[in-house]
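One structure below.
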Amino acid sequence: MEPNNIDKQIKEKLNQREIQPSANAWDRLDAMLSVEEQKPKRSYKWLSIAAVFVGFTLIGIFMMNKENSTENVILSNPIVLENETKLIENESTPKIENNLSEAKEVEAVVHQLTKKIEKPSTEINPKKDFLLDNHSKNEELIVESQPKESTAKYINAESLLAEIETGEKIEIPNISKKPSVKVDANALLSSAEKEVDETFRDKVIQSINKKYNSVKSTLANRNYE
Amino acid sequence: MKVINLHQDEKNTIRLAVENNRHAQHQIYTKFSPKMLGVCRQYIKDLQQAEDVMITAFMKVFSSLKNFEHKGSFEGWIRRIMINECISFIRVQKQVKFIEDETFFEERHNDIESKFSVDDIQFLIDSLPDGYKMIFNLYAIEGYKHQEIAEMLGINEGTSKSQLSHARKMLQNQINKLKNYDNGTE
């Protein structure tokens, strides 16, 4: 028992000892406690509420984005397709028309050629029959008449070409303008719908916010009351 | 009946203190703070620092009061928190390093004469280095086993034993000095 004797004595004496803490010690502890009280309660409550709220809003935003994106995709695809088809149409029709004009040109050339061929034939004839003035006159008339016809044809071809060209020029903008207007209308409609939806959502969110805040304030006040 | 009433009272005050009832917290504080400041003073020589540590320990007491299972004494529970706070304070503030020395001596025992006051004893303990002081306090006064002390301080069990024997030896020398001083004056 001897080894514990010193310990025992020291222990007894020390355990009996009491040191009165300074007067302001409790005040310090009180202040610390009140600070600690306010901190965790508020922070935890507010943090949890804020976290839940942020989570919900994020989910909502994601959902809305998804909906919007799908709508956009659905809306944008046909627009693109329409444009493309129209472009293809625009591209294809002029080509065909160009081809047609080329064909017409070819035809005109062919006509010219045939007329040229006809000319020498008529010219050869007068060489063979010098005496035949009537023939020559007729031929001259024919020659005269033929160039007129040919020039008329030329003019006609050119005018046709010009018409086709101008028609193309006129047609292209017409075609391009019409779909653009249509696209704009769709886009406007969709955007307007979106705006309407967004405003409605905002209103809902705002109302939820207000209710949440009122609930929060009542809860917070309850503790103090 | 009195004991039961007291026990019931303590339970009630604890329950109220858990709910952050400041009056109940103050009751607990006024009941235990003088003793707990004494405990802190055992480990920390500076009274102001000891009080600071006691206050932070009381903060921990109140914050973890909801975890207090009514097994064992409430005082003992608070005391453990105080001691842990003191140890962590000393370790952080003073960065005590324990010499990994596993030699310990057979203890020669000398009764402390009963004329030694608590202040004398405190003076003796204060004269010990922080490492020795902690282990001596934990072993001799709190009654922890070497294994527990080793775990608390993160040292070997052997180190705890050797440190205790060093502390005892030093303490003995101090006691002898005091005795001689006393004898000299007489």
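Things worth noting here:
- In nm, spacing of pseudo-spin labels at residue B:126 and residue B:69 (7 Å Cα→C-beta vector): 4.1
- Nearest-0.05 FRET efficiency for residue A:24 and residue A:202, computed from C-beta distance (R0 60 Å): 0.65
- Summed residue charge, Cβ within 10 Å of residue B:132's Cβ, Lys/Arg positive, Asp/Glu negative: +2
- Neighbourhood charge, 13 Å Cβ-Cβ cut-off, centred on residue B:67 and excluding it, Lys, Arg +1 and Asp, Glu -1: +3
- Remark: mean inter-chain Cβ contacts per residue of B:38-51 equal 2, using a 10 Å Cβ-Cβ cutoff to other protein chain atoms.
- Within-13-Å neighbourhood charge of residue A:209 [Cβ basis; K, R +1; D, E -1]: +4
- At R0 = 30 Å, FRET efficiency that the Cβ-Cβ distance of residue A:50 and residue B:21 yields, to 0.05: 0.55
- As a calculated quantity, the FRET efficiency between residue A:36 and residue A:192 at R0 = 41 Å, using C-beta atoms, amounts to about 0.15.
- Trypsin sites (Lys or Arg not before Pro) restricted to DSSP loop in the stretch B:14-48 with at most 16 other C-beta within 10 Å: B:45
- Among A:19-31, B:124-136, the peptide with the highest mean count of other Cβ atoms within 10 Å heads the list, and the full ranking is B:124-136, A:19-31.
- Judged by the mean number of other Cβ atoms found within 10 Å, the most tightly packed of the peptides B:154-164, A:52-62 leads the ranking B:154-164, A:52-62.
- A:198, B:148 arranged by Cβ crowding within 10 Å, fewest neighbours leading: A:198, B:148
- The mean count of C-beta atoms from other chains within 10 Å of the C-beta of residues in B:120-128, rounded to a whole number, is 2.
- Peptide B:136-147 has a mean of 2 when you count, residue by residue, the C-beta atoms of other protein chains within 10 Å of its C-beta.
- Overall form of the stretch B:2-94 per C-alpha gyration tensor (a/c, 1.5; a/b vs b/c): prolate
Read the figures in this text as sums done on the coordinates, not as results from a lab. Just so it is clear, the structure is predicted and the values come from calculations on it, not from any experiment. Neighbour counts run over all protein chains shown; Cβ positions are idealised from the backbone, glycine included.
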